[in-house]
Amino acid sequence: MSGIDVSSVGIIALVPDHWGNMWQARHHLLSRVAERCNVAWMNPAHHWRTIFRSHNAQRSDNAATPPDARLRICDAPLWLPRFHGQRRLDDMTLGLRLRAARQSLVRAGARHIVLYLWRPEFASALRLVRHHLSCYHIDDEYSFSTSDVPTSPDELRLLNQVGQVFIHSETMLRAKGGINPHTSHIPNGVDYARYSQSTPEPDDLRAIPGPRIGYSGWLKPQINWPLLQALAERHPAWSFVFVGDQQRQPEVAD
């Protein structure tokens, strides 16, 4: 798609979480891309068994407002749920959602559609909606295994099918970067302008004595909790401050 006007591009982003959830790399990247072209962020659909539960059926995109009008949040209608284990039904509802998102991008002026996948579970989208380019973004080991495991057959097929692969870490690049010749390494970064600004100290942080060692992100098993525990015991004057959602694994339960 080289040589085309970027403003004529429309991106359908299939992501594993809702726009209003904890801000992650995909939020940052797609909001930046939306400064140049139209983006449809596809909030995950509810499973059909949960759509009648009121607390699960609420819209989930109201916790945060997209920074650019060209980034539109495509919430899943209750009548188009997921059907895990029922491939035909699942493809039908996902296909209807994808085509609606594509139409909204075309109405906004998009003439070139990019299908941007953030998990192997969205591979069926490649055959469910017309697009000019497909991308697969790897920002984690999606088996979420604590030990090295081979790439799954489903992910291998996806890596071979898409037109472009993006990989965050050098470790993942070594493991999966040689499968698709159109693979680029895009390391994680930081919004320097935002983090370098001086802001008032929050009240809940002011009460914590220094020196402080801070972490912001998912509280997950991959963090070396035994090391942090040992450091806290060896240096009782240090304060360790963790900011982020906690994954529900035993290693981070307490």
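The values are calculated or read from the model by the stated rules, or taken from the named source; none is laboratory data. It should be emphasised that the depicted structure is a prediction, and the values quoted were computed from it without experimental measurement. So basically every Cβ, Gly included, is an ideal-geometry build from the backbone, and we count neighbours across all protein chains shown. These area figures cover heavy atoms from the full protein model, side chains too; ligands, DNA and RNA do not enter into them. Shrake-Rupley method; radii C 1.70, N 1.55, O 1.52, S 1.80 Å.
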Next on the checklist: For the chain, what does the accessible surface come to per residue with a 1.4 Å probe? Please give it in Å².
Outcome noted: 61
Checklist outcome for this item: Between the modelled labels at residue 79 and residue 170 (7 Å from Cα along Cα→Cβ) the distance in nm is 5.3
Checklist outcome for this item: Within the range 1-45, the residues whose backbone N lies under 20 Å from a label point placed 7 Å from the Cα of residue 218 along the Cα-to-Cβ direction are 13-31, 42-45
Checklist entry - Helix-derived [θ] at 222 nm for the chain: sum -39500 (n - 2.57) over DSSP H runs of at least 4, divide by residue count, nearest 500? => result -7500 deg cm²/dmol
Checklist entry - Is any residue of the range 152-194 close enough, with backbone N under 20 Å, to a label point placed 7 angstrom from the Cα of residue 87 along the Cα-Cβ axis, and if so, which? => result 152-162
Next on the checklist: Need one word for the chain: rounded, prolate or oblate. Basis is the Cα gyration tensor (sqrt eigenvalues a ≥ b ≥ c); a/c below 1.5 gives rounded, then a/b vs b/c decides.
Outcome noted: prolate
Checklist entry - Calculated FRET efficiency, residue 207 and residue 23, Cβ-Cβ r, R0 41 Å, to nearest 0.05? => result 0.95
Checklist entry - What's the local net charge at residue 212, with K and R +1, D and E -1, over the other residues with C-beta under 13 Å away? => result -1
Checklist entry - Is any helix in the chain, taking whole DSSP H runs, at least 18 angstrom long along its axis by alpha carbon and on average at least -1.0 on the Kyte-Doolittle scale, and which ones? => result 87-107
Checklist entry - How much of residue 182 can a 1.4 Å solvent probe reach, expressed as accessible area in Å² and rounded to 10? => result 110
Item to check | Size of charge dipole - the chain - debye, nearest 20, with Cβ of Lys, Arg +1 and Asp, Glu -1, no other charges | outcome: 1100
Next on the checklist: At 0.36 nm per residue, and after removing the present C-alpha to C-alpha distance, how many nm does the segment from residue 156 to residue 96 gain when stretched out fully?
Outcome noted: 19.0 nm
Checklist entry - What is the range 67-155 by shape, rounded, prolate or oblate, if you read a ≥ b ≥ c off the alpha carbon gyration tensor as root eigenvalues and call it rounded for a/c under 1.5, prolate for a/b larger than b/c, and oblate otherwise? => result prolate
